[in-house]
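This report refers to the structure that appears directly beneath it.
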Amino acid sequence: MEYKTILTCMRNKKKRNPKYIFVVGGVLSGVGKGVTTASLGAIFRAKGFSVTALKADPYVNVDAGTMNPTEHGEVFVTNDGDETDQDMGNYERFLEVDLTSINYMTTGRVYQEVINNERSMKYKGKCVQVVPHIPEEINRRITHASSANSAEITIIEIGGTVGEYENILFLEAARMMKLANPDDVAFVLVSYLPIPSHIGEMKTKPTQQACRLLNGAGIQPDMIIARSSAALDKPRKEKLAIHCGVKKDNCISAPNVSSIYSIPRIMDEQHIGNKLLKTLGISSRKTQLTRWNVLERKIQKAKKEVHIGVVGKYFGSGGFTLSDSYISVIEAIRHAAWYYGVIPKLTWIDSEEFEAKPATLRSLGKYNGIIVPGGFGTRGIEGIINTISYVRKKHIPYLGICYGMQLATVEFARNVLQKKGAHTVEVDDAALHPIIHINPHQAKHVKENRYGGTMRLGAYDCVLEHGSRVRKLYKSKSVSERHRHRYEFNNEYKEMVHNAGLRIVGTNPESSLVEIVELANHPFFVGVQFHPEFLSKPLNPHPLFKGLIQAAINNK
Ligand code: GLN
């Protein structure tokens, strides 16, 4: 190209500075800051911008892999094998992108990097200080994620709520970012407005105080998203505007909704996207939410129900924590059910029940399909094996995920191959038939107490057997799926298991590890070593969940 033409091109395509939107929480956690962040992303994407999202978690843990899912929620795994916060799953589902480890940070990860830099003299003899070095490292990560993803807009969700000691350094980073790029940074406060039952009126005071706390950290929000059980009315909008110093128009109503996938539309109707674009000096654009609207209508129109039982341990703690621990599984079931126009009904079933009273297994007959999701440890395992035995014999559609696949092979070895001593070495390290075993590399990690980030993690290829059910479902010869496990199917039993009818239909081409098993003479019995739920999207449900739901609908 001629020099003159290049210059003209450059002038025409004058690149805008990358923009950054920080989302922080006020008053309470658990009010949907992650879904709000993800919905904002969906809106900007539907306006044609390239968008990426980051989660900054205040924990000292280097990743979420070492945190108990019943306390912290699901560990979401990225393609590149990072063990992250469940909100990353929401970003992927709403933004329809694959994120990587550069989109996730924790306090532990940030400090680890700064300390490593210090050890290798990267600070050239300077005194390394909490401020500015920690916030600088946070901002280096944010700008790196923005450029690596070629994002015009980067949304950063800061975990926790303002006023917590833990997220001060992230707020400090955000403040420094604004100072350096005043026209390119916006702040959104997602806050909770209670309606105390004895008053019956929505109260703005806690949010006013959250705003003051944010001001104390040197940050003025540009927008307040008012989460509550009811819509924000005019008088309260005015109160928030006056006391928080936010434009009245930028006080956004966000009442509870029945489906999170309505949120992009609800937010767009209040022109959130264009209001934030204005703050960032970008002109308004139309939002193309057609695909989301079609999904919303499908959800509303569904009448018939499909009943799926999810069997596992941990389930004693009640539905509240569970919905967080298995959020991607729940979402994947929903996506597939809506695809077929049915209402998903989920029941959590504690497997320990089936150990004490095997007669209760009959109760499984009322479900159209059963899932055993991933898990760890020894509790409730015999109950899960009894469940698998029951659904195999009674022809109830079954999807076994990770532990659910491993235990399906244990059940098959015990009850079909008559190898009574079959087990996973995770439960019985001296099993007579270690059909699920551990490779020496993994065994070494465990022996040396190296647990963090050492499982088989992230995306691996899987070649699908010709003529198999899964190959038909995937409509492909080979797929890539995400893993998170330490134990594996023992290939010494491969032929035996395959020939007896539990067919090995998916294997990793490099390692020959068994990734998928399926029963031939069964309406649907599939076990997968990976976690298909991480790849399911509301606008693109996962083939295996679709397979299960379709079989479950036929099993009414
Ligand atoms: N506990 C099993 C393993 O580590 C399965 C893990 C899982 O279900 N995610 O191999």
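The values are calculated or read from the model by the stated rules, or taken from the named source; none is laboratory data. Worth saying up front: this structure is predicted, and the values here are computed from it rather than measured. Neighbour counts run over all protein chains shown; Cβ positions are idealised from the backbone, glycine included. The protein model used for the area step is the full one, side chains on, heavy atoms only, and it has no ligands, DNA or RNA in it. Shrake-Rupley method; radii C 1.70, N 1.55, O 1.52, S 1.80 Å.
What number of residues in the stretch 405-427 are over 32 Å from the mean Cα position of the chain (by Cα), surrounded by fewer than 24 Cβ atoms within 10 Å (Cβ to Cβ) and either within 12 Å of the ligand (Cβ to nearest atom) or touching a residue at least 24 places away in the same chain (Cβ under 8 Å) (or both)?
4
Can we say Gly216 is closer than 22 Å to Gly160 by Cα and surrounded by fewer than 22 Cβ atoms within 10 Å (Cβ to Cβ)?
yes
Does at least one position in the stretch 450-458 carry a residue that is free of Cβ contacts under 8 Å to residues at least 60 places away in the same chain and of a type in the set (A, V, I, L, M)?
No, there is no match, as no residue in the stretch 450-458 is free of Cβ contacts under 8 Å to residues at least 60 places away in the same chain and of a type in the set (A, V, I, L, M).
The rows are residues; the columns are (1) within 19 Å of Asp183 (Cβ to Cβ); (2) at pLDDT 60 or above; (3) among the β-branched types (Val, Ile, Thr); (4) open to solvent by 80 Å² or more (accessible area, probe 1.4 Å).
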| position | (1), (2), (3), (4) |
| --- | --- |
| Leu7 | no, no, no, no |
| Lys13 | no, no, no, yes |
| Arg16 | yes, yes, no, yes |
| Tyr20 | yes, yes, no, no |
| Gly30 | no, yes, no, yes |
| Lys33 | no, yes, no, no |
| Ala38 | no, yes, no, no |
| Ala42 | no, yes, no, no |
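Go through (1) loosely packed, with under 14 Cβ neighbours inside 10 Å; (2) within 24 Å of Lys275 (Cα to Cα) for Gly200 and report which single condition fails.
Every listed condition holds for Gly200 apart from (2).
I need the full set of residues from the stretch 81-111 which are open to solvent by less than 10 Å² (accessible area, probe 1.4 Å) and aromatic (Phe, Trp, Tyr), in order please.
Correct list: Tyr91, Phe94, Tyr104.
Conditions first: (1) modelled with pLDDT of 95 or more; (2) touching a strand residue (DSSP E or B) at 6+ places or on another chain (Cβ under 9 Å); (3) surrounded by 24 or more Cβ atoms within 10 Å (Cβ to Cβ). Thr78 passes all but one, so which condition is the exception?
Every listed condition holds for Thr78 apart from (3).
Name every residue in the stretch 495-547 that is touching a residue at least 40 places away in the same chain (Cβ under 8 Å), assigned to a strand (DSSP E or B) and open to solvent by 10 Å² or more (accessible area, probe 1.4 Å), in order of residue number.
Once the filter is applied, which keeps residues that are touching a residue at least 40 places away in the same chain (Cβ under 8 Å), assigned to a strand (DSSP E or B) and open to solvent by 10 Å² or more (accessible area, probe 1.4 Å), the stretch 495-547 yields Thr507, Leu519, Lys537, Asn540.
Given the conditions (1) among the polar types (S, T, N, Q); (2) under 25 Å from Gly48 (Cα atoms); (3) modelled with pLDDT under 95, and given that Thr279 satisfies all but one, which numbered condition is not satisfied?
Failing condition for Thr279: (3).
Here are some conditions: (1) open to solvent by less than 60 Å² (accessible area, probe 1.4 Å); (2) within 28 Å of the chain's Cα centre (by Cα). Phe376 meets all but one. Which one does it not meet?
(1)
Are any of the residues in the stretch 145-165 part of a helix (DSSP H, G or I) and within 14 Å of Pro58 (Cα to Cα)?
yes
Taking into account only those residues within the stretch 428-457 that are farther than 26 Å from Asn79 by Cα, open to solvent by 50 Å² or more (accessible area, probe 1.4 Å) and assigned to a loop (DSSP other than H, G, I, E, B), which is farthest from the ligand (Cβ to nearest atom)?
Among residues in the stretch 428-457 that are farther than 26 Å from Asn79 by Cα, open to solvent by 50 Å² or more (accessible area, probe 1.4 Å) and assigned to a loop (DSSP other than H, G, I, E, B), the one farthest from the ligand (Cβ to nearest atom) is Leu432.
Only residues that are within 16 Å of the ligand (Cβ to nearest atom) and under 29 Å from the mean Cα position of the chain (by Cα): list them for the stretch 463-505, please.
Residues satisfying the conditions are Glu481, Arg482, His483, Arg484, His485, Arg486, Tyr487, Glu488, Phe489.
Six or more apart or on different chains, Cβ under 6 Å: which pairs go from a residue in the stretch 432-447 that's under 22 Å from Arg414 (Cα atoms) to one that's in a strand (DSSP E or B)? Could you list them?
Going by the 6 Å Cβ cut-off, the qualifying pairs are His433/Ala422; Ile435/Ala422; Ile436/Thr424.
Taking the stretch 458-490 only, how many residues are assigned to a helix (DSSP H, G or I) and either open to solvent by 60 Å² or more (accessible area, probe 1.4 Å) or at pLDDT below 95 (or both)?
Residues that pass the stated criteria total 2.
List every residue pair whose Cβ atoms sit under 7 Å apart, with the two residues 6 or more apart in sequence or on different chains, where the first one lies in the stretch 282-305 and is under 18 Å from Glu152 (Cα atoms) and the second, anywhere, is outside any loop (DSSP other than H, G, I, E, B) and among the small types (Gly, Ala, Ser).
As it stands, the answer is Thr287/Ala46; Thr287/Gly273; Gln288/Ala46, since those pairs meet every condition given.
Kindly establish whether Tyr326 is out of contact with any His (no Cβ under 9 Å at 6 or more places or on another chain), open to solvent by less than 10 Å² (accessible area, probe 1.4 Å), touching a residue at least 24 places away in the same chain (Cβ under 8 Å) and not β-branched (Val, Ile, Thr).
In short, no.
So which residues in the stretch 123-174 are among the aliphatic types (A, V, I, L, M) and on the phi > 0 side of the Ramachandran plot, if there are any at all?
none
I'd like the full set of residues that are at pLDDT 95 or above and of a type in the set (Ser, Thr, Tyr), limited to the stretch 168-204.
Ser191, Tyr192, Thr204
Read through the list (1) open to solvent by less than 10 Å² (accessible area, probe 1.4 Å); (2) touching a Gly at 6+ places or on another chain (Cβ under 9 Å); (3) assigned to a strand (DSSP E or B), then give the number of the only condition that Ala186 fails.
Result: Ala186 fails condition (2) only.
Residues to consider are Glu83, Glu96; find the one that is under 18 Å from Tyr326 (Cα atoms), in contact (Cβ under 8 Å) with a residue 12 or more places away in the chain and acidic (Asp, Glu).
After ruling out the rest, the residue left standing is Glu83.
Residue by residue, here is whether (1) under 30 Å from Gln418 (Cα atoms); (2) away from the ligand (no atom under 16 Å from the Cβ); (3) modelled with pLDDT of 90 or more; (4) acidic (Asp, Glu) holds:
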{"position": "Tyr314", "(1), (2), (3), (4)": "yes, no, no, no"}
{"position": "His335", "(1), (2), (3), (4)": "no, yes, yes, no"}
{"position": "Trp348", "(1), (2), (3), (4)": "no, yes, yes, no"}
{"position": "Ala356", "(1), (2), (3), (4)": "yes, yes, no, no"}
{"position": "Lys366", "(1), (2), (3), (4)": "yes, yes, yes, no"}
{"position": "Val372", "(1), (2), (3), (4)": "yes, no, yes, no"}
{"position": "Thr387", "(1), (2), (3), (4)": "yes, no, yes, no"}
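Considering each of Arg334, Arg362, Arg392 in turn, give the residue that is open to solvent by 10 Å² or more (accessible area, probe 1.4 Å), part of a helix (DSSP H, G or I) and under 21 Å from Gly506 (Cα atoms).
One residue alone meets the criteria, Arg392.
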